[in-house]
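**Student:** Here it is: the structure, laid out below.
What follows is calculated from the coordinates using simple rules that are stated; it is not laboratory data. The model shown is predicted, which means the values in this text are computed figures rather than measured ones. Cβ coordinates were reconstructed from backbone atoms using ideal geometry, including for glycine residues, and neighbour counts include every protein chain displayed.
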Amino acid sequence: MSLKISNFFSVVIIGLLCLFNITNVLTWLNVITLLSIICIIFIPSYCVRLIERTSLIGSAITFFLSLALLRKYTKGSTGILASYSISEYTINISYLIDGISIVYIILTTFLTVVILLASKNMKTNRKQFHLIILITQILLINSFITAEIFFFFFYLK
């Protein structure tokens, strides 16, 4: 029953996100991965199947969202620039998506799904493994799309 409900919600989320523009897709790539990480943190370590399903569903949604980025990018353009600013703290974050970064984002999200599928035979530290893989995914995606050198090194380290 819970698997059918989670599949329904993932289809609804992907359908709604296709209606948004490119900056919202970038935001949702990060938000969905962060929500998966937060859910896994609060799941007890002995609920292994729930941890696996949560991380796999979250990474599958981010993979399909990264494919939506490919649809938004047009061949021959210089790139897609998205900028976020928080005026209260004078923080400006700029994202630049060009052809090579889209390839790296799709590859990162696809490999995350493959790694999580291949990790079913692990015996110990499954929760920590899934958390590390999802944290690595979010840091890699942000390092590929950032346009400022400070945030690039922040995400890379």
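**Student:** Taking R0 as 25 Å, what FRET efficiency do you get between I133 and F64 from their Cβ-Cβ distance, rounded to the nearest 0.05?
**Tutor:** Calculated transfer efficiency: 0.90.
**Student:** Residue by residue through region 36-50, what is 3J(HN,Hα) from phi via Karplus (6.51 cos²θ - 1.76 cosθ + 1.60, θ = phi - 60°)? Round to whole Hz and write x for glycine and proline.
**Tutor:** With the stated coefficients, region 36-50 comes to 5, 5, 5, 4, 5, 4, 8, 7, x, 5, 7, 8, 5, 5, 5 Hz.
**Student:** Evaluate E = 1/(1 + (r/R0)^6) for A118 and R49, where r is the Cβ-Cβ distance and R0 equals 22 Å; express this FRET efficiency to the nearest 0.05.
**Tutor:** FRET efficiency, A118 to R49: 0.85.
**Student:** Please arrange F42, F129 by how many other C-beta atoms lie within 10 Å of their C-beta, fewest to most.
**Tutor:** F42, F129
**Student:** Here's another thing I want to ask about it. May I ask you to compute the full-extension gain from C39 to V103, defined as 0.36 nm times their residue separation minus their alpha-carbon distance, rounded to one decimal in nm?
**Tutor:** Full-extension gain reported as 20.2 nm.
**Student:** Another one. Counting other C-beta atoms within 10 Å, which of V103, V25 has the fewest, and how do the rest follow?
**Tutor:** Ranked by crowding around the Cβ, least crowded first: V103, V25.
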